[in-house]
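Encoded as structure tokens, the structure appears first; notes follow it.
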Amino acid sequence: MGKCKRTLIWLGVGCGAQPQIDLSNYDNVILVDARNDCFEHLANHFSHENIAFNSVAIGEHTEKSQQLFTIYSIEEFSSLSTAKELCSLFPGLKEQKCISVDVVSATSFINKLKLPKASSDLILDIPDKAFGVIEDLIESGHIKAFQTIIVLGSEFELYEGMAPIALIRELLEQQFFELVSVDNSDPDIPYFTFSFSAKRYEINQLQSKLEQTNAELDSMREQLREATKEIQLNKQYFEKNELILRDKYESDKALLISEKSVLERNLEVLNERLNFCSELNQKLEKELTIQVKESGKLLDLLKKTPLDLKDAQLFFTDLQKSQIENGVKLATKCFKAKDQLALLEKISSILTDKNTSQLSKFAFCCKASQLFSKRNDELMAVHFINTATRYVDSGDNGQLNFELAQRSILLKKWDLAVDFSVVAMSKFLSNREYDGEHYLHAFTEIRRASKKRQQHGHDLLIEYINSNKSGTFQQKKQKTFVEIGTTREDIPGQGSTIQLATLCHELGIQFITVDMDPNNTQLATITMTSESLSGKAINQKGEDFLAEYDGQLDFVFLDAYDFDHGNHSELRQARYKKYLGHRIDEKECHVMHLKCAESLIGILSQNGVVCIDDTWRDEDGNWTAKGTLAVPFLLERGFEIIDERNRAVLLKRL
């Protein structure tokens with residue numbers, strides 16, 4: 001490291017006659033005075049390769065301004081202040097003129113120089129402002145840049161408001177400067193030289209540390225005294241209670257031996273029961289294997305059964321046949337309408353019509369599924385198969401579920417076909433005095449794990465809330481759950497809206513689902529009303545709803561704008577164009593979910609959680625699909641990933 005360069009700063013240099021300074025000791029010299037006419041003389045008087053002249057007056061605690069500077073008959077006494085006792089010392093001293101000069105504070109002037117610590121010397125040849133300038137330097141911390149400070153001062157008030165040298169000395173000594181010499185060339189106005197004492201500074205630091213250490217020792221002594229008292233009290237307590245504790249130990253020991261014996265007996269009983277359950281489970285597995293084979297035979301039979309309900313009218317009354325034909329006609333008419341963009345609204349109006357029978361609605365959904373399948377819209381075809389289950393009467397003998405199983409086979413939805421077949425079989429068995437409910441329950445348990453694997457991101461939230469009930473709901477304030485992106489299709493693994501609304505209703509959480517498509521909002525309202533759920537459905541763009549929301553949220557499920565996987569139906573693309581003005585766009589998907597994440601920063605509660613569906617990492621570890629921008633944004637702002645599966649990610653605000 002190179003040697004630190006030394007700098008001399010001379011404020012109020014005048015003609016530079018006093019004090020006598022060897023400029024060769026400095027790498028840089030900065031001369032400052034309010035009078036321009038001084039600098040020509042100074043340039044001739046001083047020879048230094050790195051000398052700088054600054055025409056400005058130095059004030060105290062002031063911003064840059066214009067002030068009057070008084071030129072006296074003895075020019076070296078010219079100043080910003082009015083002469084007072086100086087006139088007594090020099091009776092011939094007269095004001096000659098006043099000039100307007102630029103005035104800056106010492107802090108602002110020295111700050112621009114970027115001086116290293118203890119690298120410079122300072123001459124204050126401005127006795128009227130010396131005290132204020134030093135105060136200014138102490139307050140700003142720039143006093144640390146100086147090793148030596150030379151002050152032109154006096155014990156008299158030479159100028160109005162001028163501090164005596166005693167106050168200046170006291171101020172500098174507080175900053176560890178010592179008076180090392182006095183230049184009495186002019187005994188009335190001498191120069192006082194102060195030098196920074198590193199030893200005094202170190203002693204002061206050591207004294208401070210010593211005082212702090214003594215204070216800590218006093219505190220520790222007090223803690224020791226208190227601890228000693230507590231030990232004595234505890235000793236007395238244990239001595240007093242020793243016999244009682246010994247008796248209790250013996251009593252507890254005897255009790256534990258007795259309980260151990262009981263537990264060993266209970267363990268034997270449990271092992272016997274486990275063996276029994278194991279044998280029973282093996283029997284049930286054999287029984288279920290037989291039932292599955294029987295279901296396979298039934299599915300083979302279903303493949304040979306007629307496609308349309310009208311071909312199975314042997315099992316229906318005349319009224320039921322009429323209702324089935326009505327449902328098929330309504331569906332056919334809907335799909336032949338010119339305005340196909342309004343198809344979903346027309347379907348909703350029929351399914352909500354109180355004058356249309358349940359069986360007509362069932363037949364309508366079956367026909368709608370068939371017609372959507374012809375359009376290669378698989379999601380909607382499956383959706384209406386599942387929707388049809390809402391219109392199956394509780395007294396059905398299994399016939400309608402067999403119909404749904406057959407249609408699921410034609411859609412190659414094998415799991416769905418088996419589900420409907422088992423439901424139909426359970427009803428068939430129940431009608432013949434067999435235990436159909438037991439049969440259905442066993443199958444449901446077998447299917448539980450595979451169905452869970454199909455679930456999307458909402459399953460992460462449901463599992464999180466259920467596993468944190470005790471901690472989450474200790475506060476009296478009601479929690480709020482918002483779903484951005486209402487369920488469109490009732491297909492396996494989805495259907496988040498009704499599942500989340502049910503959970504929130506059971507736990508007393510306020511539930512709100514938001515979607516840009518009014519048909520989705522209407523269907524959610526109808527479904528929640530029919531299920532007597534307390535949720536609320538709102539038709540609005542999700543990012544707009546969150547940006548305008550005035551309140552606090554605790555749980556958020558982001559599953560709105562679709563990412564572009566290239567297989568979206570024309571119907572879905574048309575809905576986007578109608579309500580958003582354009583077809584599905586991958587970048588718009590990323591931006592929409594980012595906007596939602598940005599709004600959550602201001603409204604999601606502490607420890608609140610947000611799940612982003614259809615989001616995963618690619619081979620390089622980068623986030624993709626809906627959470628491409630939103631997930632990195634939340635992680636950068638202190639969110640933590642607490643679960644990541646089912647192509648979804650669950651984050652918690654810390």
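Of the residues contained in segment 151-166, none is found to be in a helix (DSSP H, G or I) and touching a helix residue (DSSP H, G or I) at 6+ places or on another chain (Cβ under 6 Å).
Return yes or no: is SER369 closer than 22 Å to ASN520 by Cα and part of a helix (DSSP H, G or I)? Please lay out each step first, then the result.
Working: closer than 22 Å to ASN520 by Cα: yes; part of a helix (DSSP H, G or I): yes.
Judged against the criteria, SER369 is a match.
Any residue at all in segment 545-554 that is surrounded by 18 or more Cβ atoms within 10 Å (Cβ to Cβ), among the aromatic types (Phe, Trp, Tyr) and either touching a Cys at 6+ places or on another chain (Cβ under 7 Å) or in a loop (DSSP other than H, G, I, E, B) (or both)? Among the residues of segment 545-554, not one is surrounded by 18 or more Cβ atoms within 10 Å (Cβ to Cβ), among the aromatic types (Phe, Trp, Tyr) and either touching a Cys at 6+ places or on another chain (Cβ under 7 Å) or in a loop (DSSP other than H, G, I, E, B) (or both), which makes the answer no.
Quick one: would you say GLU49 is over 55 Å from the mean Cα position of the chain (by Cα) and either in a strand (DSSP E or B) or not aromatic (Phe, Trp, Tyr) (or both)? In short, yes.
Could you please let me know if ASN355 is outside any helix (DSSP H, G or I), out of contact with any strand residue (DSSP E or B) (no Cβ under 8 Å at 6 or more places or on another chain) and over 27 Å from ALA574 (Cα atoms)? Quick ask: steps written out before the conclusion?
Working: outside any helix (DSSP H, G or I): yes; out of contact with any strand residue (DSSP E or B) (no Cβ under 8 Å at 6 or more places or on another chain): yes; over 27 Å from ALA574 (Cα atoms): yes.
So ASN355 fits the description; yes.
Condition first: in contact with a helix residue (DSSP H, G or I) (Cβ under 9 Å, 6 or more places away or on another chain), acidic (Asp, Glu) and not in a helix (DSSP H, G or I). Now tell me which residues in segment 52-93 satisfy that. GLU60, GLU63 - these are the residues of segment 52-93 that are in contact with a helix residue (DSSP H, G or I) (Cβ under 9 Å, 6 or more places away or on another chain), acidic (Asp, Glu) and not in a helix (DSSP H, G or I).
With respect to TYR72, determine if the residue is under 58 Å from the mean Cα position of the chain (by Cα) and hydroxyl-bearing (Ser, Thr, Tyr). Steps first, please.
Numbers: under 58 Å from the mean Cα position of the chain (by Cα): no; hydroxyl-bearing (Ser, Thr, Tyr): yes.
Answer is no for this residue.
Could you grab me the full set of residues in segment 596-633 that are of a type in the set (D, E, K, R), surrounded by fewer than 19 Cβ atoms within 10 Å (Cβ to Cβ) and not in a loop (DSSP other than H, G, I, E, B)? Outline the logic, then answer.
Taking segment 596-633 and keeping what is of a type in the set (D, E, K, R), we get 598, 613-614, 617-620, 626.
If we keep only those that are surrounded by fewer than 19 Cβ atoms within 10 Å (Cβ to Cβ) too, we end up with 598, 617-620.
The answer is GLU598, ARG617.
Within segment 347-358, the residues that satisfy the criterion of being modelled with pLDDT under 90 and surrounded by 18 or more Cβ atoms within 10 Å (Cβ to Cβ) are ILE347, ILE350, LEU351.
Among the residues of segment 124-162, which ones are among the aromatic types (Phe, Trp, Tyr), surrounded by fewer than 21 Cβ atoms within 10 Å (Cβ to Cβ) and closer than 18 Å to PHE176 by Cβ? Walk me through how you get there before you give the answer.
Taking segment 124-162 first, the residues among the aromatic types (Phe, Trp, Tyr) are 131, 146, 156, 159.
Filter once more, so that each one left must be surrounded by fewer than 21 Cβ atoms within 10 Å (Cβ to Cβ): 156.
The answer is none; no residue qualifies.
Within segment 506-513, one or more residues are modelled with pLDDT of 95 or more and of a type in the set (Ser, Thr, Tyr). The condition of being out of contact with any helix residue (DSSP H, G or I) (no Cβ under 8 Å at 6 or more places or on another chain) and touching a residue at least 12 places away in the same chain (Cβ under 8 Å) holds for only one of TYR249, TYR237, TYR201, that being TYR201. With respect to the stated conditions, ASN44 fails to be of a type outside the set (A, V, I, L, M), in a loop (DSSP other than H, G, I, E, B), out of contact with any Lys or Arg (no Cβ under 6 Å at 6 or more places or on another chain) and free of Cβ contacts under 8 Å to residues at least 24 places away in the same chain. Among the candidates GLY153, GLY161, the residue that is at positive phi and either in contact (Cβ under 8 Å) with a residue 12 or more places away in the chain or not hydrophobic (A, V, I, L, M, F, W, C) (or both) is uniquely GLY161.
For LEU558, are the conditions met, namely being crowded, with 17+ Cβ neighbours inside 10 Å and within 25 Å of the chain's Cα centre (by Cα)? Before the answer, list the steps.
Details: crowded, with 17+ Cβ neighbours inside 10 Å: yes; within 25 Å of the chain's Cα centre (by Cα): yes.
Yes, satisfied.
The values are calculated or read from the model by the stated rules, or taken from the named source; none is laboratory data. Here the structure is a predicted model, which means the values were calculated and not measured. Cβ atoms come from the backbone with ideal geometry, glycine included; neighbour counts cover every protein chain shown.
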